[in-house]
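Structure, as structure tokens:
The values are calculated or read from the model by the stated rules, or taken from the named source; none is laboratory data. Quantities reported herein were computed from a predicted structural model and do not represent experimental measurements. Reconstructed Cβ throughout: ideal geometry from the backbone, glycine too, with neighbour counts over all protein chains shown. When the accessible area is computed, the model is the full protein with side chains, heavy atoms only, and any ligands, DNA or RNA have been set aside. Shrake-Rupley method; radii C 1.70, N 1.55, O 1.52, S 1.80 Å.
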Amino acid sequence: MNEMTMVRDLLKEPPPPSRHAAAEALNRLEQEMTGRRRSSLRVMPRRRWMIGSGLLGAATATAVAAATIGGGAPSTRPTPTRPTALSAQSILLSAAESTTHEAAGHGPYWLTDEVQGWTTVIHAPSGPYVLERRQGLRQWLGTGKRPSWQATRDLGAHPQRPADVAAWRRAGSPKRWALPRPLTSWTAQPSGWKTIKVPVRLSFPDGSAAQLRRLPTDPAQLRAYILRKPHGSEGPITDAERLYDAVWDLFSEPAPSNVRAAAYRMLAQMPGIRSLGSVSDPLGRRGHAVALPSGAPSGGPATERRLVVDTATGRLLAEETVLVRARPGGPVSDPRTPVDQTAPAGTVLNYRAWQQAAWVATAP
Amino acid sequence: MDVSHASDSAASPPQDAALIAESWHEPERFAEIFHRYYKEIHGYVTRRVGPDAADDIAAETFLAAFRQRRRFDPDRGSVRPWLYGIATNLIGLHRRAEKRFYRALAKTPTLNAVESHEERAADRVSAVSTGGALAGALARLSPGDRDVLLLIALADLTYEEVAQAMGLKYGTVASRLNRARRKLRESLGGTNPTLTTEESPA
């Protein structure tokens with residue numbers, strides 16, 4: 001025994017930090033990182049986003065829930081559009097012009113990094129509130145015969161808006177929630193990365209990066225190409241949906257910049273596309289949003305998909321889906337019904353926020 | 001690459017420095033540094049000031065690190081010592097909490113390692129009083145000596161890493177450690193005849 005060992009024994013190994021301490025610390029850091037200084041609890045920025053289809057099998061839970069969230073007008077974007085706000089075409093064409101950045105890095109794995117979020121409504125006896133859950137997702141797509149990997153990390157669940165935070169506090173500030181459908185539980189505590197091998201491929205043609213480089217760079221030809229390509233969705237899908245899904249894929253896969261620019265121009269020509277002006281994305285980054293009308297069965301709830309782009313760099317920052325029209329007759333409050341039947345207008349159903357992508361030499 | 005255990009290694013993975021660099025323009029990348037190091041920094045802080053003060057100081061460490069991230073220079077060292085240095089400096093701003101912690105330890109010390117069935121009663125008594133003496137001796141070290149000692153004992157930093165963390169010369173680290181150890185031995189010398197000096201830090 002020497003004094004160093006004795007010191008270590010005296011100052012013994014402590015228990016790990018409490019969930020609350022970790023969540024609070026992360027919350028404070030996130031506020032610092034995004035420049036927001038609001039309440040001490042994690043209050044998500046006003047994002048009303050939704051993710052459409054998952055990229056290559058990533059989880060897109062349809063959040064359970066029902067809610068009549070007490071009172072409250074439907075949530076709106078943080079920044080109202082002024083009359084002189086950029087039009088949808090201006091936004092998209094600016095983004096197209098700025099898209100010059102080519103894929104970074106070197107190596108046989110295409111590493112992508114994004115944050116996904118989705119929401120549910122918790123029915124506490126003291127009142128319902130919207131709960132948003134975030135997950136970090138990384139994928140290493142191997143080219144040639146190499147395997148692909150996926151790593152996910154739970155970033156924790158938190159009440160979404162100030163009114164939700166207040167209702168959550170009245171409910172006793174729980175850190176864990178049991179959801180009836182799908183049967184699962186959410187927690188406020190972030191987790192570590194879990195990595196698995198996955199049978200994932202690039203979306204385009206035969207899954208090779210070389211084919212991505214041969215995609216059409218003319219918007220009309222790109223559109224025709226996408227609509228000819230077999231799509232992986234179950235059930236009927238509109239042309240518009242297929243085009244939007246393809247746009248995300250073109251930005252998350254190593255497509256050349258001129259193909260991405262063509263994708264923006266293709267969107268600019270779609271009927272019904274509208275501008276939402278200057279907004280913040282789910283990670284607090286500034287950008288401009290355009291809304292793409294989704295098809296909706298007449299008489300049913302209507303959702304709208306939105307894209308946030310950075311017009312200065314051409315980056316696609318995020319994609320979201322928002323419930324813009326609730327179910328006629330109002331939301332139902334059965335938590336086992338799908339969320340588009342049960343949430344009020346303005347609810348974000350889910351989103352994907354893009355972080356980065358690069359070629360790397362190694363996979364997990 | 002086993003991502004879930006990245007923080008277990010004593011040296012920072014090379015990706016850490018890249019993350020800091022990325023966070024200069026994409027601030028949210030810094031969150032990954034938090035995820036890799038929060039638990040161990042919190043553990044170190046708890047062992048230095050106790051559980052009551054640790055939550056806040058650990059959180060402040062990452063806020064301070066984030067604010068200073070542009071000053072991090074990958075050529076001068078790695079991320080893990082840098083974070084420990086920030087945590088240690090913050091502990092230095094909480095001297096009273098630290099002193100309270102040592103006083104509490106001195107009153108009710110328990111040396112876990114000595115609780116074994118083979119210990120004779122006399123040794124056990126001696127171990128208990130040794131713990132009290134040790135806590136007192138730690139509290140009496142100069143802050144600079146104590147910081148160096150505990151970064152090596154608790155955080156397993158090398159001399160070079162301590163030098164980086166605290167902005168010291170290598171020779172200063174060695175001399176402070178030697179002085180700290182000598183003073184501890186002097187404080188304990190009368191109660192524990194088994195003290196040896198053969199251990200050398202990593």
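Output the residues belonging to region A:261-284 that are open to solvent by 30 Å² or more (accessible area, probe 1.4 Å), in contact with a strand residue (DSSP E or B) (Cβ under 9 Å, 6 or more places away or on another chain) and on the phi < 0 side of the Ramachandran plot.
A:271, A:274, A:275, A:278 - these are the residues of region A:261-284 that are open to solvent by 30 Å² or more (accessible area, probe 1.4 Å), in contact with a strand residue (DSSP E or B) (Cβ under 9 Å, 6 or more places away or on another chain) and on the phi < 0 side of the Ramachandran plot.
Considering only residues that are over 13 Å from the mean Cα position of the chain (by Cα) and open to solvent by 60 Å² or more (accessible area, probe 1.4 Å), look in region B:74-92 and name the one that is farthest from the other protein chains (Cβ to nearest Cβ).
B:76
What is the one condition in (1) in contact with a Pro (Cβ under 7 Å, 6 or more places away or on another chain); (2) within 13 Å of another protein chain (Cβ to nearest Cβ) that residue B:45 does not satisfy?
Unmet condition: (1).
If I filter region B:160-169 down to residues being over 13 Å from the mean Cα position of the chain (by Cα) and part of a helix (DSSP H, G or I), which single residue comes out as farthest from the other protein chains (Cβ to nearest Cβ)?
B:164
Among the candidates B:120, B:140, single out the residue that is open to solvent by 50 Å² or more (accessible area, probe 1.4 Å) and modelled with pLDDT of 90 or more.
Matching residue, one of B:120, B:140: B:140.
Quick one: in region B:170-190, which of the residues that are within 18 Å of the chain's Cα centre (by Cα) and basic (Lys, Arg) is surrounded by the fewest Cβ atoms within 10 Å (Cβ to Cβ)?
Ranking the qualifying residues of region B:170-190, first place goes to B:179.
Let's see how each residue does on (1) of a type outside the set (S, T, N, Q); (2) more than 15 Å from residue A:353 (Cα to Cα); (3) in contact (Cβ under 8 Å) with a residue 60 or more places away in the chain:
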| residue | (1), (2), (3) |
| --- | --- |
| A:99 | no, yes, yes |
| A:104 | yes, yes, yes |
| A:110 | yes, yes, yes |
| A:122 | yes, yes, no |
| A:128 | yes, yes, yes |
| A:132 | yes, no, yes |
| A:136 | yes, no, no |
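Across region A:1-27, which residue is modelled with the lowest pLDDT among those that are polar (S, T, N, Q) and in a helix (DSSP H, G or I)?
Selected residue: A:27.
Just to verify a result, which residue in region B:9-39, among those that are surrounded by fewer than 19 Cβ atoms within 10 Å (Cβ to Cβ) and over 26 Å from residue A:358 (Cα atoms), is modelled with the lowest pLDDT?
Top of the filtered list is B:10.
Going by the structure shown, is residue B:97 surrounded by 14 or more Cβ atoms within 10 Å (Cβ to Cβ), at pLDDT 65 or above and of a type in the set (A, V, I, L, M, F, W, C)?
Yes, satisfied.
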